[in-house]
């Protein structure tokens, strides 16, 4: 076992009269511990300036001096929610009145501001619309309304309706269905060709997808019922097709369809992307198990198709956005050699050149410029991140350009002469700094010095990293927060926080946000707080991440129980007062922990949990578990709803009744199982709240309940189990 010393940027000293006690209102009402950032940051093409959204204005700054150099848009009538530049930066696409739909989707009123003429053109003033996208020439904007694709000319105002069959819960054009949005991570399915003469788009036929309904209570005589298409495990998914609309001829070409029939191998189209050639479009297709992938190349002018790349994995393949086309080929990331690495392919589909060959995971890809590739990786330690550069053709080792201890991420200018570095540690808030190409500091944009002083004033205690080895033999990483001035001969209650899902990480040396503030509050109440990343989590290679395949919950729960036993054996932890808290996948884990570890955990808080994987969506669950029909034991033996009889400790179940992601069904079925086994538990439900359970004082209300539950069940002075 090795112990890592904490980064002592925050002094571990007892709470004194000069230091303030943290309140839940500080965390969830006044947001005292929220860091500063840069709103609406966009590098401009000259590489030496950037734009930002400030006070409802789009203003420009010199990147090196920080001096304001101009105002692109002022005195806008309305609140600007977001903006985007055209390729030549002569036009601004503005969104106002944005209304959230699902996690990554919204509808708004869009307008286009011409910086040369000063004119403002509404895109579609009749009603809110979605996904407005300027073409590369800045002369047209494509968008979706009522599930149909439209194109508006900004030169003469002509409106062209590209599709006509859009219908709610039936056909979607230019946007994705719910499960693609949630699990493949995108909602916009509109793709302009590089010359702006073609618009590719996806069509979703979701007529065969089963529907789910939840109730919306709004102080009326009868509630509303929200019904949408949601494919659960083994259910029908959408039939998805790829099309290309030619602006010159007005004709649409059908390129590819997946999931047309039950016997078709190819089931998903998770990514579409143009190459640098205006006639060459690519699409990635996958089988339903998501362990086979093909990258297809379409010549839309000639009407031909060929395969650029094929991958197959014994577990599953993660979809990513790291595909970058160059003149001579393309860059791609893959776990085919055990770690996520960079590869260079030619356009003929030959053997790839491996650009990185280290035993670490590339965790982000920033781009290619002047024969060099820029990326982020967990190069030194899975709990840290560095920014690297490497040549495309040479055998040189990756060179770090930002590698301060902690977490480094970058955004590069178009010329790659400068980049904006975001850096933090678990004990120091994020700073945002302008760096030159060599990695030298130019100036600081955000220092969060005020927040650093605030957390010091409130007596934040340093998080200490540690590692331990489980009974099974796996070394796991964790961090711990102790009460100020803790006497190691006195025992304290322990709260463990868990997420634990595939590829995730909680034990990272970066600023941890609002939950960290709550953990610090609990430390002031006498708790020790600990977080451990179990098997299945990320940045430690494919085998560490994918060994939970087909048994989601088994190895993760074993590891959390092992961690609780290890921590409970420390002199200053009361082994009879150990609780665990998790949300979503973490809620699933918290339930499994208190049921299968009922001799270890005295309390659990499970928020928005999956309680049986067969009730969750098709894409996520089948990626890791296959279908219920194929893997009945894997589902049944690791779903907490089947083990309600094991409950011994104190349990708090929480769920939003308007959760479109993990449905309230999960908690309702769990509650019923507990009732049928005559097990007492606490429950809190939140009408109309989605998976995030927020809005107004909702988070304060929830964290007040969770705090009181912990104090009453395992807190100092509470009766032990």
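The values are calculated or read from the model by the stated rules, or taken from the named source; none is laboratory data. In this text the structure is predicted, and so the values were computed from the model without any measurement. Cβ sites come from the backbone with ideal geometry, for glycine too, and all protein chains shown count toward neighbours.
State whether one or more residues within region 290-309 are in contact (Cβ under 8 Å) with a residue 24 or more places away in the chain, assigned to a loop (DSSP other than H, G, I, E, B) and in contact with a helix residue (DSSP H, G or I) (Cβ under 6 Å, 6 or more places away or on another chain). Yes: one or more hits.
Residues in region 270-293 that are touching a strand residue (DSSP E or B) at 6+ places or on another chain (Cβ under 6 Å), more than 15 Å from residue 323 (Cα to Cα) and crowded, with 20+ Cβ neighbours inside 10 Å: how many? The number of residues fulfilling the criteria is 2.
Does residue 360 fit the bill of being in contact with a strand residue (DSSP E or B) (Cβ under 6 Å, 6 or more places away or on another chain), over 15 Å from residue 437 (Cα atoms) and at pLDDT 95 or above? Show your work before the answer.
Values: in contact with a strand residue (DSSP E or B) (Cβ under 6 Å, 6 or more places away or on another chain): yes; over 15 Å from residue 437 (Cα atoms): yes; at pLDDT 95 or above: yes.
Judged against the criteria, residue 360 is a match.
The residue that is farthest from residue 214 (Cα to Cα), among those in region 688-716 that are without any contact (Cβ under 8 Å) to a residue 40 or more places away in the chain and assigned to a loop (DSSP other than H, G, I, E, B), is 696. Kindly indicate whether residue 512 is within 21 Å of the chain's Cα centre (by Cα), under 30 Å from residue 29 (Cβ atoms), touching a residue at least 12 places away in the same chain (Cβ under 8 Å) and part of a loop (DSSP other than H, G, I, E, B). Judged against the criteria, residue 512 is a match.
Each row is one residue, and each column tells you yes or no for (1) assigned to a loop (DSSP other than H, G, I, E, B); (2) at pLDDT 95 or above; (3) under 26 Å from the mean Cα position of the chain (by Cα); (4) surrounded by 20 or more Cβ atoms within 10 Å (Cβ to Cβ).
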residue: 453; (1), (2), (3), (4): no, yes, no, no
residue: 456; (1), (2), (3), (4): no, yes, no, no
residue: 485; (1), (2), (3), (4): yes, no, no, no
residue: 507; (1), (2), (3), (4): yes, yes, yes, yes
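Taking region 198-223 as the range and being closer than 28 Å to residue 282 by Cβ and buried (at least 17 other Cβ atoms within 10 Å of the Cβ) as the test, the residues that pass are 198, 199, 200, 201, 202, 203, 204, 205, 206, 209.
Could you tell me whether residue 662 is out of contact with any strand residue (DSSP E or B) (no Cβ under 7 Å at 6 or more places or on another chain), over 16 Å from residue 498 (Cα atoms) and surrounded by 21 or more Cβ atoms within 10 Å (Cβ to Cβ)? So residue 662 passes the test.
Could you tell me how many of the residues in region 636-651 are within 26 Å of the chain's Cα centre (by Cα) and outside any loop (DSSP other than H, G, I, E, B)? Step through it out loud before you land on a result.
Just the residues of region 636-651 that are within 26 Å of the chain's Cα centre (by Cα), to begin with: 638-640.
When the remaining residues are screened for being outside any loop (DSSP other than H, G, I, E, B), the result is 640.
Number of matching residues: 1.
Out of 598, 631, one residue alone is touching a helix residue (DSSP H, G or I) at 6+ places or on another chain (Cβ under 6 Å) and more than 23 Å from residue 547 (Cβ to Cβ). It is 598. Taking only region 325-376 into account, find how many residues are in contact with a helix residue (DSSP H, G or I) (Cβ under 7 Å, 6 or more places away or on another chain) and either crowded, with 20+ Cβ neighbours inside 10 Å or not in a loop (DSSP other than H, G, I, E, B) (or both). Qualifying residue count for the region: 2.
If you take just the strands (runs of 3 or more DSSP E) that sit entirely in region 60-172, which of them hold at least 2 residues that are over 30 Å from the mean Cα position of the chain (by Cα), in contact (Cβ under 8 Å) with a residue 24 or more places away in the chain and surrounded by 16 or more Cβ atoms within 10 Å (Cβ to Cβ)?
Working: elements: 68-73, 82-85, 91-100, 106-114, 120-122, 130-134, 140-145, 148-153, 159-161.
Result: 68-73, 148-153.
Can you spot a residue in region 252-264 that is within 21 Å of residue 233 (Cβ to Cβ), under 23 Å from the mean Cα position of the chain (by Cα) and at pLDDT 95 or above? Scanning region 252-264, I find no residue that is within 21 Å of residue 233 (Cβ to Cβ), under 23 Å from the mean Cα position of the chain (by Cα) and at pLDDT 95 or above, so the answer is no.
Of the residues examined, residue 319 is not one that is in contact with a strand residue (DSSP E or B) (Cβ under 9 Å, 6 or more places away or on another chain) and part of a strand (DSSP E or B). Which residues, counting only those in region 670-686, are touching a helix residue (DSSP H, G or I) at 6+ places or on another chain (Cβ under 7 Å), assigned to a loop (DSSP other than H, G, I, E, B) and farther than 21 Å from residue 708 by Cβ? Listed by number, the list holds a single entry, 677.
Return only the number of the condition from (1) crowded, with 18+ Cβ neighbours inside 10 Å; (2) over 30 Å from residue 558 (Cβ atoms); (3) touching a residue at least 40 places away in the same chain (Cβ under 8 Å) that residue 417 does not satisfy. Condition not satisfied by residue 417: (1). Evaluating residue 259 against the criteria (1) buried (at least 19 other Cβ atoms within 10 Å of the Cβ); (2) touching a residue at least 40 places away in the same chain (Cβ under 8 Å) leaves one unmet condition, (2).
Going by what's in this entry, would residue 539 be described as assigned to a loop (DSSP other than H, G, I, E, B), in contact (Cβ under 8 Å) with a residue 24 or more places away in the chain, more than 30 Å from residue 259 (Cβ to Cβ) and out of contact with any helix residue (DSSP H, G or I) (no Cβ under 8 Å at 6 or more places or on another chain)? So that I can check it myself, show each step before the final result.
Values: assigned to a loop (DSSP other than H, G, I, E, B): yes; in contact (Cβ under 8 Å) with a residue 24 or more places away in the chain: yes; more than 30 Å from residue 259 (Cβ to Cβ): yes; out of contact with any helix residue (DSSP H, G or I) (no Cβ under 8 Å at 6 or more places or on another chain): yes.
Criteria met by residue 539.
Taking region 193-206, which residues are outside any loop (DSSP other than H, G, I, E, B) and within 16 Å of residue 161 (Cα to Cα)? Answer for region 193-206, where residues must be outside any loop (DSSP other than H, G, I, E, B) and within 16 Å of residue 161 (Cα to Cα): 198, 199, 200, 201, 202, 203. In this structure, residue 576 does not satisfy being in contact (Cβ under 8 Å) with a residue 40 or more places away in the chain, part of a loop (DSSP other than H, G, I, E, B) and surrounded by fewer than 23 Cβ atoms within 10 Å (Cβ to Cβ).
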